[in-house]
1. Could you list, in sequence order, the residues of the range A:189-208 that are among the hydroxyl-bearing types (Ser, Thr, Tyr) and within 14 Å of chain B (Cβ to nearest Cβ)?
2. Can you name the residue in the range A:423-458 that is in a loop (DSSP other than H, G, I, E, B) and farther than 15 Å from A:ARG314 by Cα and, of all such residues, is farthest from the other protein chains (Cβ to nearest Cβ)?
3. Which one is surrounded by the fewest Cβ atoms within 10 Å (Cβ to Cβ), of the residues in the range A:131-184 that are more than 22 Å from B:ILE28 (Cβ to Cβ) and small (Gly, Ala, Ser)?
4. Name the single residue that is modelled with the lowest pLDDT among those in the range A:209-236 being in contact with a helix residue (DSSP H, G or I) (Cβ under 9 Å, 6 or more places away or on another chain) and at the interface with chain B (Cβ under 8 Å from one of its Cβ atoms).
5. Any idea which of (1) farther than 26 Å from A:ASN298 by Cα; (2) crowded, with 19+ Cβ neighbours inside 10 Å is the one A:LEU107 doesn't satisfy?
6. What do you reckon, is A:THR115 surrounded by fewer than 19 Cβ atoms within 10 Å (Cβ to Cβ) and free of Cβ contacts under 8 Å to residues at least 24 places away in the same chain?
7. Can you confirm whether A:ALA24 is facing chain B (nearest Cβ under 9 Å), modelled with pLDDT of 95 or more and under 23 Å from A:ALA99 (Cα atoms)?
8. Hey, among the residues in the range B:24-42 that are of a type in the set (A, V, I, L, M) and at the interface with chain A (Cβ under 7 Å from one of its Cβ atoms), which one's farthest from A:ILE160 (Cα to Cα)?
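The values are calculated or read from the model by the stated rules, or taken from the named source; none is laboratory data. None of these values were measured; they are calculated from a predicted model. Using ideal geometry, Cβ is built from the backbone for each residue, glycine included, and neighbour counts are taken over all protein chains shown.
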Amino acid sequence: MSGLLDKERIVAKPGFNRWLVPPAALAIHLSIGQAYAYSVFKLPLTRALGITESGPGDWTQTQIALVFTIFIVFLGLSAAVFGRWLERVGPRKAGVAAAFCWGGGYLISAIGVRTHQLWLLYLGNGVIGGCGLGLGYISPVSTLIKWFPDRRGMATGLAIMGFGGGAMIGAPLADILMKHYATPTSVGVWETFVTMGLIYFVAMMCGAFGYRIPPNDWKPAGWTPSTTNVGMVTRRHVHVDVAWKTVPFILLWLVLCTNVSAGIGVLEQASPMIQEVFKDKVSASAAAGFVGLLSLFNIGGRIGWASLSDKIGRKPTYFIFFALGIVLYSLVPHAGRIGSVALFVAIFCVIITMYGGGFATIPAYLSDIFGTQFVGAIHGRLLTAWSTAGVVGPLLVNEIRQHQVDRGVPVAEAYNTTMYVLAGLLMIGFICNLLVRPLPDRYFMSDEELARERRRGH
Amino acid sequence: MQPNEPTGSQPEPGNWGLVALAWIAVGIPLGWGVFMTFKKAVLLFH
C-alpha cells in the first residue's frame, strides 16, 4: 500500500494529459468544501434528544457552532504543520491522509451524535476533520502550479472553486439525507454523518489516486519560460523555512487575513443582516435566496478573478479587491438608507466574488514571489491567516452590531459602523499589498541547494 | 522524485476521452449543487 502512495510512483509518464489533474483536485475540494455547509446540521443537532423540539440535555446552537470554529482553526494549523511533509511525500499520500481524516471524522462524529457525547463531535468533525480539511485543501496546490506554469491562477482557481462548490452540494445532500433517515426516534443526523463520511471518503480517494506530478523541469508544449525574473514573477525558489520569515510573506499573510476577515464576517451574517436592514421588505426565504446568490458569486469569483490574475498580475488583482472593496463597503449604508435592496444585493455579490477570488489567487501570488518548489508548504503556513480571519471576522461583525444596538442605534442601521470598520480593515490590506516587493537574491536557493532538496524528495 | 526522469517539453497529450470522463464525474455533482443553489437564489427575486 505504501508503495502505491509514494511520490516516485505518481510521476506522470510522457504524454500524460495535465487536464486530468484539476478534476482530481476538484474531487477533494468539493468534498472538504462541505465544511461551509455545516450549519445545516445546527438545528437538527439541537433536537437530537427532543426530536421535534429541543429538550432537556440537548445541545445549544452555541455549542454546535464551536465545531465550525475548531474546523477553521485546525485547518490552518494542519496546513501549516503538514505543508512541508506534503512537499516531501507528494500529493497522493497527503490526499489519502485527508480522506481518512475527513471521512473518519464524520464517522467519529456519528458515534458522538448516536451516544450524545459532544466531545466526540469536537474531536471527529472539529479536530480530525479540520486536519483533513487543511491537508486536503493544500494537497493539489503545488502540483497544479507545476502542471500549469503558464496559467497558475486559473489552475489553482479551478481547485479552490471546488471548495466553494462543496457547500452547494453538501447542504442539499445533507438535507435530503436527514429527511430520508428521520424517524420518530431520530433526527437522522448520525445516519447522515455515516453516509456522507463514506461518500466523501470514496470521492477523496478517487481524487488522491488521480494525482500525478510532472517530471522535474517539465513544461507545457509550446511554452517557453523566461530565464530571468519578470516583474513580480521569479524563476527561482525560496526554501519554506526562509520564506515565512520574510517581509513579503508577512505582508501577504495580512493581505489574506484582511480580505478574508471582511468577507467571512459578512457571509456568516448575510441572512439576518439583509432581514434587519430591510425589515418588512425581505422575508426569511428571500434572505436564504440572498445567501444562495452569494454562494454562486463566491465560486464564480474564485475561477474568474484567479484567471484574470494570469493576465493582469496578482498585485493588480489584489489592488482591485481592496480599492473596489473599500468603495463598496462604504456604499452599503447608503444602499440601506435609500432602501434599495437591489443595490444592497449587487454590492455584496461583487464583494463576495473578491472574497473568493482572494483565496483562489493567493497560491499563484506566493509562487510568483517564492517560486514553485515549496509553494504548497508556504501556502500551508499562510493559511493560518484564514484561521485567524475565521475567528476575527464574524466576531468583529457581531460585536460591533451588538454594541451599536446596545447604544440605541436602530437595528436597520446597526451594520453601518461595521461596514466602515471593514472598509478600514481593507485599507490595511491595500497598503500591505502595495508594499509587496520581489525578494532580493540572497533569499533564493542556489542550484546546488535546489538539487539537494529535490533529491531529498522536496 | 527521480533525478533522471524525462525533462523538458512534452508532446501534445492524448487521453482526451479520459479527461472528458473525469470532468463529467466532478461536473455532475457540482452542476447539481449549483442548480439547487440557483433554485434557492431565485426566491430572492420573488
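1. Within the range A:189-208, the first condition is being among the hydroxyl-bearing types (Ser, Thr, Tyr), and the residues that meet it are A:192, A:195, A:200.
Within the range A:189-208, A:TYR200 is the sole residue that qualifies.
2. A:PRO440
3. A:ALA182
4. Narrowing the range A:209-236 to residues in contact with a helix residue (DSSP H, G or I) (Cβ under 9 Å, 6 or more places away or on another chain): A:209-214, A:216, A:218, A:220, A:231-234, A:236.
From the residues that got through so far, the ones that are at the interface with chain B (Cβ under 8 Å from one of its Cβ atoms) too are A:210, A:213, A:216, A:218, A:220.
On the way: A:GLY210: 96, A:ILE213: 95, A:ASN216: 82, A:TRP218: 87, A:PRO220: 90.
By that ranking, first place goes to A:ASN216.
5. With (1) farther than 26 Å from A:ASN298 by Cα; (2) crowded, with 19+ Cβ neighbours inside 10 Å applied to A:LEU107, the lone miss is (2).
6. Criteria met by A:THR115.
7. yes
8. B:VAL42
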